[in-house]
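Accompanying notes for the structure given below.
The values are calculated or read from the model by the stated rules, or taken from the named source; none is laboratory data. From a predicted model like this one, the values you see are computed outputs, not experimental measurements. So basically every Cβ, Gly included, is an ideal-geometry build from the backbone, and we count neighbours across all protein chains shown. The area values use the complete protein model at the heavy-atom level, side chains included, leaving out ligands, DNA and RNA. Shrake-Rupley method; radii C 1.70, N 1.55, O 1.52, S 1.80 Å.
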Amino acid sequence: EPLQGEGGVRVPKADYLREVRRVCDAKGALLILDEVQTGMGRTGRLFAHEHSGITPDIMTLAKALGNGVPIGAMGCTNPVASGFSVGSHASTFGGNPLSSAAALAVVTTMIEMGLPQQVAVMGDYFLSKLRGLKVKHTAIIDVRGMGLMIGVELKSAAGPAISRMLAAGIICGPAGPNVIRFVPPLIVTRDQVDRVVTALDAALQGA
């Protein structure tokens, strides 16, 4: 993953993927990126690897590509594609007419709306508000993320705070034992972000 999801929303150093690309090229190895969580505008670019200015040999996509319609997809470079023949690769939800039409509509709409650019702006706003909470609450160790894929690392288990937020009407989940992960809809508004931050502030009172 260009940005770890289940591993705690961990953002690599700026030159990390460029160095991985260099090593793969030097060794003649393929660079395969899992963009199932990080792709489709989630990090403020259509695909997260674009932040590093590199091109993977293979990229996997799913979930957001179909906007709720089941689909799996693999993209690859021409040299890699030349290694495939008919029937050598398959996907349970890949290629059927309904899913393919949904994916085309999703990609077209995202580009026409400039959604990745909107995500970048809203992500910066969300991160800044959460970092303000970090100053206020010693319970927060770190706030990190890209675009609207954000993690708040706590000194203690994330479960109690997540439960308090759910009681306040905010659905979020963990990314590891002590990280709260925020992956809101890409069309989230400032007012909605403010509501989430207010709920987290209350959930951390006395934590």
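Return yes when residue 63 is modelled with pLDDT under 95 and basic (Lys, Arg) and no when it is not.
Details: modelled with pLDDT under 95: yes; basic (Lys, Arg): yes.
Criteria met by residue 63.
How many residues, within the stretch 8-31, are over 12 Å from the mean Cα position of the chain (by Cα), farther than 15 Å from residue 53 by Cα and part of a loop (DSSP other than H, G, I, E, B)?
Qualifying residue count for the region: 3.
Looking at this structure, is residue 119 within 15 Å of the chain's Cα centre (by Cα) and either modelled with pLDDT of 95 or more or more than 15 Å from residue 205 (Cβ to Cβ) (or both)? Full working, then the answer.
Values: within 15 Å of the chain's Cα centre (by Cα): yes; either modelled with pLDDT of 95 or more or more than 15 Å from residue 205 (Cβ to Cβ) (or both): yes.
Yes: the conditions hold for residue 119.
Just the residues that are in contact (Cβ under 8 Å) with a residue 12 or more places away in the chain and either out of contact with any helix residue (DSSP H, G or I) (no Cβ under 8 Å at 6 or more places or on another chain) or among the polar types (S, T, N, Q) (or both), please, taken from the stretch 163-176.
Passing the criteria: 175, 176.
Given the conditions (1) of a type in the set (Val, Ile, Thr); (2) surrounded by 15 or more Cβ atoms within 10 Å (Cβ to Cβ); (3) without any contact (Cβ under 8 Å) to a residue 60 or more places away in the chain; (4) not in a helix (DSSP H, G or I), which single one is not true for residue 138?
(2)
Got at least one residue in the stretch 37-46 being surrounded by fewer than 20 Cβ atoms within 10 Å (Cβ to Cβ) and at pLDDT 95 or above? Step through it out loud before you land on a result.
Filtering the stretch 37-46 for residues surrounded by fewer than 20 Cβ atoms within 10 Å (Cβ to Cβ) gives 46.
The next check asks that each one be at pLDDT 95 or above; those that pass are 46.
Yes, the conditions are met somewhere in the stretch 37-46.
Say we look at the stretch 71-88 and pick out the residues that are open to solvent by 70 Å² or more (accessible area, probe 1.4 Å), more than 14 Å from residue 57 (Cβ to Cβ) and not aliphatic (A, V, I, L, M); which of these is modelled with the lowest pLDDT?
By that ranking, first place goes to 87.
Quick test of your reading of the structure: residue 171 fulfils all but one of (1) open to solvent by 60 Å² or more (accessible area, probe 1.4 Å); (2) outside any loop (DSSP other than H, G, I, E, B); (3) farther than 25 Å from residue 74 by Cβ. Name the failing condition by number.
Here residue 171 clears every test but (2).
Residue by residue, here is whether (1) within 29 Å of residue 75 (Cα to Cα); (2) in a helix (DSSP H, G or I); (3) among the hydroxyl-bearing types (Ser, Thr, Tyr); (4) without any contact (Cβ under 8 Å) to a residue 24 or more places away in the chain holds:
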{"residue": "118", "(1), (2), (3), (4)": "yes, yes, no, no"}
{"residue": "123", "(1), (2), (3), (4)": "yes, yes, no, no"}
{"residue": "130", "(1), (2), (3), (4)": "no, yes, no, no"}
{"residue": "143", "(1), (2), (3), (4)": "no, no, no, yes"}
